[in-house]
Amino acid sequence: MESRSFTRPRALGVALFLLLAATPGCMWGTGGNNQVGLAGTPLPQPLVTTLWNNDNQPLAGITLHFSVVQGGGSVSPASGVTDGSGRVQTALALGAAPGLNKVVATTGLQGVKNDPFTFTAWAADSASWTIYNDQNATRAQHGLPPLQMNVGLCQLAQGWSNQMAAQGFISHNPALASSVAGIFPNWMAAAENVGVGPTSNVGALYQAFLDSPHHYENIVGDYNYVGVASTFVGGTFYVTIDFAKAP
């Protein structure tokens with residue numbers, strides 16, 4: 001009786017330890033979140049999810065499933081098994097329509113913190129993508145670092161381009177500062193360029209920005225993030241470019 005009374009708790013303790021060690025306690029998107037790319041094309045970086053057990057150690061051998069829930073893109077593979085570092089990844093091809101894309105990663109297990117995890121990305125229209133790359137080319141000519149596209153700023157810019165298209169004329173967003181603060185709580189500076197031009201000649205509108213001292217100042221200004229988004233009405237497009245400097 002004595003040996004049994006001591007043996008059973010020890011066996012239960014070992015079994016419980018093994019169960020906890022093999023159970024996911026937490027998951028998180030550790031790579032590829034909040035990217036911006038051209039609509040209809042693959043993102044440059046994979047979406048990476050990492051799982052840890054209840055002792056905060058990487059957990060291998062757990063299957064994750066990825067599904068597109070917004071934007072109409074596609075993921076490959078749609079599922080995968082975590083490696084020795086607790087990681088599994090997939091590639092996202094953005095949807096053909098400009099706008100927000102979302103991918104959900106889940107284990108399908110109960111009680112896992114941050115499960116499901118949602119990745120977000122922005123699919124840029126071709127005019128906005130061209131202007132974004134032209135801006136960085138201009139900055140490179142002056143030895144300046146490239147601006148990084150930001151999903152939140154792209155959403156902000158899209159909202160204002162929609163507003164300009166609805167009203168039929170260009171103007172500046174009066175809530176720019178507070179909106180940027182909502183994206184970057186520790187923001188240091190912000191600026192905005194807006195314009196309207198023919199969809200057949202995006203380069204002409206960008207050249208108009210370069211020829212305007214104030215607009216040019218923003219393009220080569222001390223900023224590190226940008227959002228560019230356009231709204232199309234017939235053969236015309238309205239574009240908003242929101243700049244920000246933030247940690």
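The values are calculated or read from the model by the stated rules, or taken from the named source; none is laboratory data. Everything quoted here is computed from the prediction, not taken from an experiment. So basically every Cβ, Gly included, is an ideal-geometry build from the backbone, and we count neighbours across all protein chains shown. What goes into the accessible areas is simple: the full protein's heavy atoms, side chains included, and nothing from ligands, DNA or RNA. Shrake-Rupley method; radii C 1.70, N 1.55, O 1.52, S 1.80 Å.
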Starting from the Cα-Cα distance between Ala208 and Ser178, subtract it from 0.36 nm times their residue separation and give me the gain in nm to one decimal. 8.0 nm
With each run of n ≥ 4 DSSP H residues scored as -39500 (n - 2.57), what mean residue ellipticity at 222 nm is computed for the chain after dividing by its residue count and rounding to the nearest 500 deg cm²/dmol? -10000 deg cm²/dmol
Over the chain, calculate the relative contact order: mean separation of alpha carbon pairs under 8 Å at least 6 apart, over the residue count, as a percent. 17 percent
Full extension between Met188 and Thr30 adds, at 0.36 nm per residue less the Cα distance, a length in nm of 54.2 nm
Quick check: pseudo-label points 7 Å beyond the Cα along Cα→Cβ at Leu144 and Asp222, how many nm apart are they? 1.2 nm
Enter the accessible area of Ile62 (Å², nearest 10), with the probe set to 1.4 Å and all protein chains included. 30 Å²
In whole Hz, what ³J(HN,Hα) sequence does region 172-178 give by Karplus (6.51, -1.76, 1.60; θ = phi - 60°), x for Gly and Pro? 9, 6, x, 9, 4, 4, 5
In Å², and per residue, what accessible area does the chain have when probed at 1.4 Å with the other protein chains present? 49 Å²
What does the charge count around Leu210 come to, taking other residues whose C-beta lies under 14 Å from its C-beta (Lys +1, Arg +1, Asp -1, Glu -1)? -2
Mind running the shape call on region 134-247? Use the C-alpha gyration tensor, a ≥ b ≥ c as the square roots of the eigenvalues: rounded below 1.5 for a/c, prolate if a/b tops b/c, oblate otherwise. oblate
Rounded tilt (10° steps) of 151-167 against the dominant C-alpha axis of the chain: 40 degrees
What number in nm² do you get for the chain if you take the convex hull of its Cα atoms and divide its surface by four? 17.0 nm²
Return the carbon/sulfur percentage of the accessible area of the chain, one whole number, probe 1.4 Å, all protein chains in place. 57 percent
Pull out the extension gain between Gln167 and Thr199, defined as 0.36 nm times the separation in residues minus the alpha carbon to alpha carbon distance; nm, one decimal. 9.7 nm
Measure nothing but the geometry: give the 0 to 90° angle between the long axis through the Cα atoms of 126-141 and the longest principal axis through the Cα atoms of the chain, rounded to 10°. 80 degrees
Springs between alpha-carbon atoms under 10 Å, Gaussian network over the chain: tell me which of Gly32, Gly108, Gly152 tops the mean-square fluctuations. Gly108
